[in-house]
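Peer 1: Have a look at this one.
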Amino acid sequence: MNRHIKTPIFRDHIILILIMLTPYTTFAQHKDYFFEISGGSGWLYPHDPVLKPIAGQVSIFNARLGLKTLGDKEWQRTFKYPDFGIGISHNYLTKSFLGNPTAAFAFVNLPLFPNAVLKINFGINAGLAWGINKFSGLNPENLAIGSKCAAYGNFNLNTLIEILPRFELVLYSGLHHYSNGNTNKPNKGLNTFGAEAGLRYKINKLIFDKNVNPVPPSQKQSSIMAFGALSWKKESTWGPFYKAGSVSIGYYRTISNKSRLSAGADLFYDEGVTEYTFKDKQLKNVMASGIFAGHELTLDRFLIVTQAGIYLSNPNPNDPFYYERLGLRYIIANRVIPSLTLKAHQFKIDFIEWGLGFVLWKSK
């Protein structure tokens, strides 16, 4: 076992996983549930020169409780029967002053080559991590993260190999990322690359038939949507917190059962710019505008948002001429859309957009 692993912590996570597992066993008789546990090692990559002292080997532990979809809904057949569920991740990092973060997350595994002999899935995990020893006057060596909690994300490739009727070998390889979203400083984040191996246990003994009915062609639907978001940020480690936010309006066009395209305009409010311009907080000094184009991956009511924009005006002299947006949205009652997105420059987070959207118009 890796020298970083502490037995009491490992034991506590096993107990928590078993508690999570209990209610699912009652309902598993009609669903294709699974439980899996995996572990491995990786490397903490110093993506910034100041992080070179913390580079080194890390240990990774993951547990997941999930559902293998059977095509009951059209989106499941569209994406070739993906897995989804919840999980716990724990990383043992290189230095004690970093801490050993634990994350609770939701996940989805999307099949990339469903008809191949070796089936490869693209996995996405997103959640919240804690257990970080944040930067402070008492812990000045942690130049990566300035908060106790952080956003957690993981992108991976994974595959399954059946070894017994109810057991499968699982293999993972991917990136784990921790960031506090510029809600505090420092905000360089932590990136670890690693590989894992483990076992998946199929909770139900039965073999369920998949729904193989063809998916109806998508409706080429158009809509106009507006989003508003609020946030806060820091520009320097010992500096104050600044208010930020955005308003966005766009045209969205469905092009397939998996995707829709978007284009529109943004207004950004960012008091942090005053730290560089030394101007007061009049609207003309803290407002930026831009236009964007983007794509949304649609998993039923969940939307994975990617957008890229160009500033039409921006008072911040340190920003590039373009920006990015990445995040999640969820459609409620076809009209209301809670939104959690990241506004970034050169893929470095500027601020988190905690927002809400509304469908203003939709074609029939």
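Peer 1: Once R0 is set to 35 Å, what does the formula 1/(1 + (r/R0)^6) return for the Cβ-Cβ distance between residue 364 and residue 267, expressed as a FRET efficiency to the nearest 0.05?
Peer 2: E(calc), rounded to 0.05, equals 0.70.
Peer 1: Among (i) 174; (ii) 142; (iii) 153, only one was calculated for this model; which label is it, if the read-out is volume of the Cα convex hull per residue in Å³?
Peer 2: (iii)
Peer 1: Something else: Using a Förster radius of 25 Å, what is the FRET efficiency between residue 52 and residue 344 based on their Cβ-Cβ separation? Nearest 0.05, please. Present the calculation step by step, with values, prior to reporting the outcome.
Peer 2: Working: r = 24 Å, r/R0 = 0.94.
Approximately 0.60, to the nearest 0.05.
Peer 1: On to the next question. Over what distance in Å are the Cα centres of the range 202-255 and the range 287-364 separated?
Peer 2: 9 Å
Peer 1: At 0.36 nm per residue, minus the direct Cα-Cα distance, what do residue 210 and residue 322 gain on full extension? Give it in nm, one decimal, please. Present the calculation step by step, with values, prior to reporting the outcome.
Peer 2: On the way: separation 112, 0.36 × 112 = 40.32 nm, distance 4.50 nm.
Additional length available on full extension: 35.8 nm.
Peer 1: Compute log10 of I(q)/I(0) for the range 222-362 with the Debye formula, placing one identical point scatterer on every Cα and leaving out solvent, at q = 0.20 Å⁻¹, to two decimals.
Peer 2: Reported log10 I(q)/I(0), two decimals: -1.18.
Peer 1: Toward the positive end of the charge dipole of the chain, about the Cα centre and with charges on Cβ (Lys, Arg +1; Asp, Glu -1), which of 283, 338, 310 goes farthest?
Peer 2: After comparing all options, I get 338.
Peer 1: How long are the semi-axes of the equivalent ellipsoid of the range 7-202, taking √(5λ) for every eigenvalue λ of the Cα gyration tensor, in whole Å from largest down?
Peer 2: Semi-axes, largest first: 32, 18, 15 Å.
Peer 1: Mind giving me the FRET efficiency for residue 224 and residue 275? R0 is 51 Å, r the Cβ-Cβ distance, nearest 0.05 is fine.
Peer 2: Efficiency for this residue pair is about 0.90.
Peer 1: Give me the lysines in straight-line cross-link reach of residue 205: C-alpha distance below 26 Å, same-chain residues under 8 apart excluded.
Peer 2: Once the sequence-local lysines are set aside, what remains near residue 205 is 31, 68, 73, 80, 119.
Peer 1: Ordered by residue, what ³J(HN,Hα) values in Hz, to whole numbers, does the range 293-310 give under the Karplus form 6.51 cos²θ - 1.76 cosθ + 1.60, where θ = phi - 60° and Gly and Pro are x?
Peer 2: Each residue's phi maps through the Karplus curve to give 9, x, 9, 10, 8, 9, 10, 6, 8, 7, 10, 9, 9, 10, 9, 10, x, 10 Hz.
Peer 1: For the range 231-238, take each phi angle, set θ = phi - 60°, evaluate the Karplus expression 6.51 cos²θ - 1.76 cosθ + 1.60, and give the result in whole Hz per residue in order, putting x for glycine and proline.
Peer 2: Per residue, the Karplus-derived 3J(HN,Hα) values read 6, 9, 7, 10, 10, 8, 4, 9 Hz.
Peer 1: Please identify, among 350, 280, 266, the residue showing maximal mean-square fluctuation in a Gaussian network model of the chain using a 10 angstrom Cα cutoff.
Peer 2: 280
Peer 1: Moving to a separate point now. List, in order, the whole-Hz ³J(HN,Hα) value for each residue of the range 255-266 obtained from phi through the Karplus relation with A = 6.51, B = -1.76, C = 1.60 and θ = phi - 60°; use x for Gly and Pro.
Peer 2: My calculation for the range 255-266 gives 10, 6, 5, 9, 9, 9, 9, 9, 7, x, 10, 10 Hz in order.
Peer 1: Treating only the Cβ of Lys, Arg, Asp and Glu as charged (+1, +1, -1, -1), what charge dipole size does the chain show about its Cα centre? Round to the nearest 20 debye.
Peer 2: The dipole of the chain has a size of about 500 debye.
Peer 1: Take peptides 176-183, 109-116 and line them up by average Cβ neighbours within 10 Å, highest first, as a rough protection proxy.
Peer 2: Top to bottom by mean Cβ count within 10 Å: 176-183, 109-116.
Peer 1: Find the relative contact order for the range 222-362 and round it to a whole percent, using C-alpha pairs within less than 8 Å whose residues are 6+ positions apart.
Peer 2: 23 percent
Peer 1: Cross-link partners among lysines for residue 279, C-alpha distance below 30 Å, same-chain residues fewer than 8 apart left out?
Peer 2: Output for residue 279: 185, 188, 233, 234, 243, 343, 348.
Peer 1: Another one. Just 290, 137, 42 to compare: in a GNM of the chain, with alpha carbon springs under 10 Å, which one fluctuates most?
Peer 2: Result: 137 has the largest fluctuation of those listed.
Peer 1: A further question on this structure: In terms of the ratio Rg/(2.2 N^0.38 Å) built on C-alpha atoms, what value belongs to the range 65-158? Please report the intermediate quantities before stating the final value.
Peer 2: Values: Rg = 17.5 Å, N = 94, 2.2 N^0.38 = 12.4 Å.
That ratio works out to 1.42.
Peer 1: Along the positive direction of the dipole of the chain (beta-carbon charges: Lys, Arg +1; Asp, Glu -1; about the Cα centre), which of 175, 145, 255 reaches farthest?
Peer 2: 255
Throughout, read-outs are computed from the coordinates displayed, never taken from laboratory work. Worth saying up front: this structure is predicted, and the values here are computed from it rather than measured. So basically every Cβ, Gly included, is an ideal-geometry build from the backbone, and we count neighbours across all protein chains shown.
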